[in-house]
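Scroll down for the structure; my scribbles are underneath it.
The values are calculated or read from the model by the stated rules, or taken from the named source; none is laboratory data. Because the structure is a prediction, the values reported are computed rather than measured. Counting neighbours? That spans all protein chains shown, and the Cβs are built from the backbone with ideal geometry, glycine included.
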Amino acid sequence: MNGSISSLIDLPGLNPAFKTIASKIENRQRISPEEGLLLFEKGSLAMLGTMANFIREREHGHNTYFNRNFHIEPTNVCVFSCKFCSYSKLYSKREEGWELSIDQMLEKVKAYDGQPITEVHIVGGVHPKMDIYFFEELIKKIRAHRPDLHIKGFTAVELDYMFRKAKLSRTDGMKLLHDAGLDSLPGGGAEIFDAVVREQICADKVDAAGWLDIHAIAHRLGMHTNATMLYGHVESYEHRIDHMERLRNQQDETKGFNTFIPLKFRNFDNEMSHIPEVSSIEDMKLYAIARIYMDNFPHIKAYWPMLGREQAQLTLSFGVNDLDGTIDDSTKIYSMAGSEEQNPTLTTDELVGLIKQVGRQAVERDTLYNVVNTY
Ligand code: V47
Ligand code: SF4
């Protein structure tokens with residue numbers, strides 16, 4: 001492993017700028033935005049894989065984490081109109097969408113009674129009638145029914161809307177949900193932070209500053225959160241670097257991000273369907289550069305329901321050390337956007353099998369990366 005990065009440094013003919021980057025990686029130094037851009041523009045797949053895998057194995061060895069989780073999607077009715085979204089229905093057309101009651105969602109939780117699930121992930125559209133007090137009650141009831149279950153819920157987009165609607169400051173709103181039992185936040189809604197791109201693809205929802213502020217508030221309350229980046233649509237390499245740079249800076253300050261999750265844009269049945277999806281090579285380069293750039297993010301996750309199983313396996317050689325969870329066919333966001341995974345479910349044995357097939361060690365974790373079991 002160590003040899004592979006030194007061999008890059010010693011490789012005759014390698015662009016000296018890449019040698020500098022390899023030395024920085026070896027010495028745990030941060031690469032600059034300009035260097036990140038150079039990796040996107042000129043880095044070969046083989047070189048990026050070597051660099052990212054060096055970091056991945058230095059930090060985690062062969063350990064590849066997953067958890068046992070399920071999703072609850074309270075509604076796909078949404079007041080916003082993100083152009084890449086294949087999932088949401090406008091409030092005015094809500095007869096086509098679903099809206100779950102608190103009792104219906106509690107039934108979903110009860111369906112897992114007696115099963116060793118450690119996390120429920122709650123995320124959905126932004127429904128004007130599902131306010132913060134509705135979700136406070138839901139969280140309290142889940143907590144009362146199953147105190148050990150980690151509740152990860154609500155993107156910054158959903159939270160921003162809930163807080164504004166209730167006329168609560170972001171800090172008071174977050175405290176209210178945290179006190180009810182919300183443990184951590186997922187990383188959705190970040191998309192691409194650049195204002196011009198946001199205007200083009202998701203003009204009406206919370207902006208970059210608001211997204212980052214909501215996560216910073218959660219971190220200051222001791223909560224952990226994730227961060228995503230929706231890539232492979234209209235954004236440029238500069239926009240990707242800008243996005244990762246803002247997250248890296250925020251993490252230096254508040255230190256509460258666990259995982260960075262690049263999300264590949266899928267183009268089925270949405271207002272951006274004319275944009276072709278990027279190639280697998282572009283996917284792997286992006287994962288590798290994310291691992292190299294995000295030096296203060298402990299984990300890089302490939303979300304297998306979105307990428308597909310084989311691609312997710314490949315990412316394990318390009319910096320990724322986490323494959324999310326078993327999911328149990330409980331999310332529709334990606335199947336509706338055209339992912340190969342139409343009914344995303346993996347048993348624990350299947351997920352472990354995928355990880356072992358590519359020579360990695362499968363480790364079941366809880367949401368906060370405490371080890372539950374090693375296979
Ligand atoms: O913010 C929507 C994305 C996100 C499409 O934190 C799309 O552990 C691709 O953030 N093509 C929500 N992506 C999901 C999310 C997530 C998923 C799994 C784990 C975690 C975590 C977070 O889904 C949205 C948006 O970026 N999305 N439509 C699409 N057509
Ligand atoms: Fe609504 Fe989220 Fe879809 Fe945007 S991505 S329209 S906020 S459900």
*Which condition breaks for Val120 when tested against (1) closer than 30 Å to Phe318 by Cβ; (2) at pLDDT below 95?*
(2)
*Is there a residue in the range 78-90 that is in the same structural domain as Ala156 (by TED's automatic domain parsing), more than 24 Å from the chain's Cα centre (by Cα) and not charged (D, E, K, R)?*
yes
*Look through Ala209, Ala290 and report the one residue that is more than 13 Å from ligand 1 (Cβ to nearest atom), under 26 Å from Val352 (Cα atoms), in the same structural domain as Phe84 (by TED's automatic domain parsing) and out of contact with any Leu (no Cβ under 6 Å at 6 or more places or on another chain).*
Ala290
*Report yes if Asp172 is without any contact (Cβ under 8 Å) to a residue 12 or more places away in the chain, surrounded by fewer than 21 Cβ atoms within 10 Å (Cβ to Cβ) and more than 18 Å from Thr259 (Cβ to Cβ), otherwise no.*
yes
*What are the residues in the range 127-166 that are within 16 Å of ligand 1 (Cβ to nearest atom), among the aliphatic types (A, V, I, L, M) and more than 15 Å from Leu185 (Cβ to Cβ), if any?*
Leu149
*From the list Glu34, Glu73, Glu41, which residue is over 16 Å from Arg291 (Cβ atoms) and in the same structural domain as Asp242 (by TED's automatic domain parsing)?*
Glu73
_Considering only the range 202-217, I want to know if a residue exists there that is over 19 Å from Tyr293 (Cβ atoms), out of contact with any helix residue (DSSP H, G or I) (no Cβ under 8 Å at 6 or more places or on another chain), part of a helix (DSSP H, G or I) and within 16 Å of ligand 2 (Cβ to nearest atom)._
no
*Listed residues Glu253, Glu191, Glu238, Glu245; which is of a type outside the set (Phe, Trp, Tyr) and free of Cβ contacts under 8 Å to residues at least 60 places away in the same chain?*
Glu253
*Out of (1) within 19 Å of Asp242 (Cβ to Cβ); (2) free of Cβ contacts under 8 Å to residues at least 12 places away in the same chain, the odd one out for Lys167 is which?*
(1)
*Say we look at the range 86-101 and pick out the residues that are part of a loop (DSSP other than H, G, I, E, B) and modelled with pLDDT under 95; which of these is surrounded by the fewest Cβ atoms within 10 Å (Cβ to Cβ)?*
Trp98
*Any chance you could count how many residues in the range 21-44 are part of a helix (DSSP H, G or I), closer than 22 Å to Phe297 by Cβ and touching a residue at least 12 places away in the same chain (Cβ under 8 Å)?*
12
*Which one of these is in contact with a strand residue (DSSP E or B) (Cβ under 8 Å, 6 or more places away or on another chain) and within 14 Å of ligand 2 (Cβ to nearest atom): Glu191, Glu158?*
Glu191
